[in-house]
Amino acid sequence: MDRYNFKIIEKKWQSYWEKKKIFKASIDKKKQKFYCLEMFPYPSGKIHMGHVRNYTIGDVLARYKSMQNYNVLHPMGWDSFGMPAENAAKQNKLDPKTWTEKNIETMKTQLKQLGLSIDWDREISTCSEDYYKHQQSFFLDLFDKGLVYRKENYVNWDPVDETVLANEQVIDGKGWRSGAVVERKKLNQWFFNITKFSSDLLDGLNQLDKWPNKVKVMQKNWIGKSFGCEIDFKIKSKLPVKEIKCFTTRPDTLFGFSFLALSVDHPISEYFKNDDKFVKFKNECAKTGTTEESIANAEKIGFKTDIKAVNPLDETKEVPVYFANFVLMDYGFGAVFGCPAHDQRDLDFARKYKLKILPVVCPPEKSKNFEIDKEAYTGPGIIFNSQFLNGLKVPDESIIKTIDILETKKLGKRKINFRLKDWGVSRQRYWGCPIPIAYNKNGDVVKIPKENLPVKLPENIKLDVKGNPLEHQKDWREVIINGEKCIRETDTLDTFVDSSWYFLRFCSSNNKNNGFDLNEIKYWMPVDQYIGGVEHAILHLLYSRFFMRALGHDTKDFIKLEPFEGLFTQGMVCHETYKDSNNNWLSPDEVETKDGKNFFKKNNPSEKIKIGPSESMSKSKKNTIDPQNIINSYGADAVRFFILSDSPPEKDVQWSEQGMISSFKFIQKFWSLHKMILDLKINKNINQPEKIEIFTNQMIDKITRNLENFHYNVIIANLYEIYNYFSKNINNVNNKDNLLKNYEKILKVISPVIPHLSNECLDDLNAQDRDKWPVVDKQFLIKEKFDIVIQINGKKRDLMSFTNEINEKELLIEIKNNERLKKFLESKEIKKSVYIKNKLINLII
RNA sequence: GCCCUCGUGGUGAAAUUGGUAGACACAAAGGACUUAAAAUCCUUGCCGCUUGCGGAGUGCCAGUUCGAGUCUGGCCGAGGGCACCA
């Protein structure tokens, strides 16, 4: 028997799909559309297993939906701006463009080898002028709408590389490349006004019922809405300032007020800039690391001023004002009213500086002598020690009533505050989308006129310079706009901007004049199913949601504002890690085993290998498996089959060589089975009881449900069941036409997972409508026999089979005659029975 | 510290609405075929005894129910997110 030659057959189908443009999408208003999108890759060199998993999941869905007669849009592109290209260029003396384009070429070939059902005519690359000129145009639109602005802000500044670092690039307070201690530096930067939509972005989450709850919770926390009030505290000092504004969620604890703390960047700090001690303190604060953990664990320190703040509810009470390291300038008003009894942070600070700690919330079942020890009390209770607030119920009543009082007395007003900050989009880098802005000699912002777009990145430039290479391009920087000599902005846009609208571009990616064609968008958007890693739960997904709102802002005739109707976050691909005796990481190809327990360095059985835990594949731990090798040895169908097989797609999956091999064997076995079915010689063509219809229709039903619910690992189990069923029953069949009719349906329902093999098999059968999903014939969803569980006192005691439906009375008679049940029922009275028809009976004795 | 998710054999995992726990695989052990190996196929799977039978059993403890992996409360454990957010 001939073996299944995946190399020839997979190639054959891939070129068939490509030549016939099978996956080309276009508007067809008679059909319901389905936009299936996987997060597009960064072209880093070659594809990795994570891509294989991500795109296999998406492809199964796209193929299934297309067979369900949806008009499917399934595009692919490249998130091709970003630092790795710049770094690689420096190392390899290639310019970023060449490096990137070469990678795209490689990865595109690899993705095609996976047999993905992608409309390649819509391919986009964010680093191409065709793409970024529209992005520049959107930037100007947003500028006109007032959603883009420029302000000075603190950044992580690497003094050695002379560049700004993202938070993720600061490790233990040091630059990830240079190792230099990162400084906080104020720079003029461009911002997108995402906070304008804080409330809307939060509310929008409620509609996203096809999103994982986890992601919605993460976004909700990130937006961080809190309800409270702003209070103007009168201050007594020699300064010309009379009031300090604070935001608080707990105005009801105002009588426990014992200090007021300011950020070192608070406007009032201006009056202290000549105070050596204050400057020293401020520097001290700047030193505490920039990582979240070091901030959280940092000791609370303060700088006492001679300012006093007055308690607005009791003007006889005055408290000291401090500058403190824990107060953030960019939340609230950069000033905090401290109530140590009911806030742990305030309590730590108060203990350190020996400030008064007066409890004003009495927990239930505590007496009025309640005192605070090491922990602040933040729970519910009754207000006390608070004059006219006494007796209010904490938290709801007390907070609302206090705000009412403050508002009537004009001492404050209710306010909703968000944690979300505006999105800083300036990056001091070369390989990104140039910001279409210049500055005239007065330093005023001048827009590059739209007809002059794109602002192209200069090519062949020197990258091996300190700071942003664009700053060194004098001839590029100088530009004349409306006859005025200007200097271009040299910052480029954060690459997250590129990915915030690429899903719109896919709808009309060849439109030269506009970033998107509204008609196309109205048909295709929103993305029905978006699939990608959970690591983008916040930034990318939130920015994309913002971008839809920003583009639609003040615009009539726009579309739904949520870009992604359904979201699926797939798990990672993991592999064991290996270390040699010198603690160096080893890749799986450098390791071998004979008994499956002990591992040795290849060709060196004396060197034992330490096996580490299975972790997500990463180059640094060398625990990667190159998909190219796997595709070469086992073929695309086998890889697709394996990558879906072991774990549910939302969970991490363990790479296993054994599993891969047995997936490969499955493909081979299935092919042999297929040949056997074709060659089957049956003389008598009698119609048998409809057993095979029952199996087939139940299987179609199962697989359909599993597809709908992303239970792709169970579909693989279904595939094994199919194989087992056919190989066991093939010789009991006595009507070949009927066998083939059902087998053909089966081949169709497995084609989303293993499209090459099933298309080849369908071809052998000369199958019609192979791109149509078989309809379940409900008459065959009946059971061929009824297995009824007999429980006695809730315990399973027997299983009785009946060919026909049976009622309780008849069943009880059968039970009485059942030898195996006699010992349980003898001399016992059945007090009660619960019968679930044709399924189960529970006898209580 | 706060928030979210998840705990099922040696392993990865299945299990519509509460209704046969462990589908389907991986690994292991035993067996069949073979001169032998590989491949393939079959059996086993926790505890007890006599082919068979009985018992326990879905992290632990309680509760609801005729019946709980599934629902409720408490505890323990693991993973993830946020982290001085006033």
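Read the figures in this text as sums done on the coordinates, not as results from a lab. Computed from a prediction, not measured in an experiment: that's the story for all the values here. Ideal geometry is used to build each Cβ from the backbone, glycine not excepted, and the neighbour counts take in all protein chains shown.
Summary table
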read-out: At R0 = 30 Å, FRET efficiency that the Cβ-Cβ distance of residue A:464 and residue A:150 yields, to 0.05; value: 0.55
read-out: Computed lengthening from residue A:15 to residue A:317, 0.36 nm per intervening residue step minus Cα-Cα distance; value: 100.4 nm
read-out: Theoretical gain in end-to-end length, residue A:220 to residue A:793 [0.36 nm per residue, Cα-Cα removed]; value: 201.5 nm
read-out: CD proxy at 222 nm, helix term only [per DSSP H run n ≥ 4: -39500 (n - 2.57); per residue of chain A; nearest 500]; value: -10500 deg cm²/dmol
read-out: Förster-model FRET efficiency, 22 Å R0, residue A:805 and residue A:717, C-beta, rounded to 0.05; value: 0.15
read-out: Shape of the range A:368-416, Cα gyration tensor, a/c cut at 1.5; value: prolate
read-out: Zone residues, the range A:486-513, relative to residue A:185, backbone N less than 17 Å from point 7 Å out along Cα-to-Cβ; value: A:490-492
read-out: Principal axis dimensions, largest first and in whole angstrom, of chain A by Cα; value: 109, 85, 70
read-out: Degrees separating the helix A:712-729 axis from the principal Cα axis of chain A, which is the longest one; value: 10 degrees
read-out: Net charge over other residues, Cβ less than 12 angstrom from the Cβ of residue A:549 (K, R count +1; D, E count -1); value: 0
read-out: Cα-projected label distance for residue A:273 with residue A:606, points at 7 Å along beta-carbon direction, nm; value: 7.0 nm
read-out: For residue A:478, net neighbour charge (Lys/Arg +1, Asp/Glu -1) across residues whose Cβ lies under 12 Å away; value: +3
read-out: Point-charge dipole on Cβ atoms (K/R +1, D/E -1) for the range A:784-845, about Cα centre, debye to 20; value: 340 debye
read-out: For residue A:652, distant residues with modelled amide H under 5 Å away; value: A:572
read-out: Fewest-first sequence of A:660, A:548 by Cβ atoms within 10 Å of each Cβ; value: A:660, A:548
read-out: Distant-in-sequence amide H partners of residue A:798 (H built 1.01 Å from N, under 5 Å); value: A:790
read-out: Angle between chain A longest axis and helix A:49-67 axis [Cα atoms, degrees, rounded to 10]; value: 60 degrees
read-out: Label point distance in nm, residue A:110-residue A:480, each placed 7 Å from Cα along Cα→Cβ; value: 4.9 nm
read-out: Angle in degrees between helix A:129-144 and the longest Cα principal axis of chain A, rounded to the nearest 10; value: 40 degrees
read-out: Anisotropy class of the range A:582-664 from Cα gyration tensor, a/c 1.5 cut; value: prolate
read-out: Relative contact order of chain A, defined on C-alpha pairs under 8 angstrom at six or more residues apart (%); value: 13 percent
read-out: Dipole-positive endmost among A:227, A:303, A:782 within chain A (Cβ charges, Cα centre); value: A:782
read-out: Fully extended contour minus Cα-Cα distance, from residue A:344 to residue A:238, at 0.36 nm per residue; value: 35.0 nm
